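Okay, structure first, notes after.
Just so you know, all these numbers are worked out from the coordinates, no wet-lab data involved. Keep in mind that this is a model prediction, so the values were computed, not measured.
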Amino acid sequence: MKCPRCEAELPGRTRTGRTCWSCNRRFALEPKLTRGLHDQRLRRTVERLGDGGRVVLTVAQLRWAHHERGRPATLPRTDPPGRPAEPRFEGVGVLAFCLGMGSGLVAVAYLLITRLPAAIILAVVAGLFGLVMLGVIAKDAVRLLRRGRIRAEWEQAERQWQSRRELLRRYEDAWTTTLVQRLEWSDADFRTMVLNPWDEVYGGLPAGVVEDAAVRPPVPDGPPALAVLCPDRTVIAFLHANTFAERYRAVIVTTTAELPDDLPVIVLHDASPQGLLLAREARAARPAVPVVDAGLSARTAVAAGDRAVQRYEHQEREPLEELLARLPGLSKGEHAWLAGGLWSPLVAVPPKRLLTMAERAAERALHGNVGFLSWPVPEVPR
C-alpha cells in the first residue's frame, strides 16, 4: 500500500504503529487487520459509490460495498461419525504359519539356552518373538471360533449407522442445500476496525458518508403526492439523505398497512420471496391506485451473477416452496435460485443506481404511465 498523504510505498515491515516511515504521519487502516482495506481504497470506494460527491451514502451502504459478491459454493455432504470397521479374520494358512514360526522360535531359544549358554541374549530375543507369535495365533484363533457372533455384532452396528445416515439425508433433503457461510463484515466489526480508526485519524467519517441513525425525515412541505413502501430502514435513510422525499413529496412507510389510500405507490424490496410478495400485497391492498414495483427482482440478481451480493439463508424446503407457489411467472432459473435459499439485498445495490431506480419509478407513478410495458427496467448491480 501507499501512504495516503505522501504516496510513499509502505511495505508490511515498515507499517509499525500505522505511521508512515517517510512523512511520520498516521494512516487509519492496516490492510492486514481490515481484509485488505486501506485508506486509499476506502476513499476510492466512497468516490465511486457517491458518483464524485453527487450522491450521499450511508455507513451501512459503505459496509455492504465490501461484502463478497457472487454465489457461495455448495458444501459437500458428510456422513455421520462412528461407522464400525468390518471385522477381518485370519485364514487357516496364516494361523498355521504363525503357529509353526512361533513354535520353531521357542524351540530354537530352548536349544540355545541349554546347549550354548553364551548365546543367552539371542535365545531371549528368539523366545520373545516366538511367544508373541503364539499369543497372536491364540487371539486370532479365539476370534475365528467366535466369527459368527463378531460378524453379527458388526452387521447390527452397521445397520444402526446406516439408519443414522438415512435420517441425516432426510433432514438434509428437507432443507435447502447447505452453502458456504462467507466471512462478512458485521456492523460492530466494521465500526470497530474501520470507522473508529478513520475517525481517530481524520476526525470523522469519509466525506460523503452519513450515519444511518443521524438522517432525519424532512418536514413535509404541503400534502404528499407519492407513497414509497420499503421495509429496509437503511434504504429509507439513504432516500432521505438524498432529498428524495422532498423532491417528490413522498411519504415513506415500511408496511402495507401504513400506505395512504389515495396516493400512487412505488415498492422497493430485496430480491427474495418475501420482497417479491411485497409488491403483490401492495397491489392487493391498494387496487385503486397505481403501484410500481421498483424493487430488485430475482431475474436481475441471477443475471448479475458474480456482480451481485448473493446471500444464503438455510430454511425448510416445504414452506419455501409454498411461498414460491404464490409467485407465478418465475422462470426456471429464478425459481431454482430462490428455492436454493439465495437472496440479494436491495441495500447492496450501488447507491447511484439505487437512487436512479427510485427516481424513475417515482416519475412513472406520478405521471400515471405505469402500464406493463412502461414499468421500470430492472437495474443490474455492478
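Summary table
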quantity: Amide H contacts of HIS269 (H built 1.01 Å from N, under 5 Å, at least 5 apart or other chain); calculated: GLY295, LEU296
quantity: Relative intensity, log₁₀ I(q)/I(0), of the stretch 215-374 from a Debye sum that treats every alpha carbon as a point, q = 0.09 Å⁻¹; calculated: -0.29
quantity: Once the Cα gyration tensor of the stretch 222-307 is diagonalised, semi-axes √(5λ) in Å; calculated: 22, 17, 10
quantity: HN-Hα J in Hz across the stretch 38-47 - Karplus 6.51, -1.76, 1.60, θ = phi - 60°, x for Gly and Pro; calculated: 10, 4, 5, 5, 5, 4, 4, 5, 5, 5
quantity: 10 °C / 1.306 mPa s Stokes-Einstein diffusion coefficient of the stretch 267-343, Kirkwood radius on C-alpha pairs, µm²/s; calculated: 122
quantity: Kirkwood Rh in Å, taken over all unlike Cα pairs in the stretch 154-302; calculated: 19.6
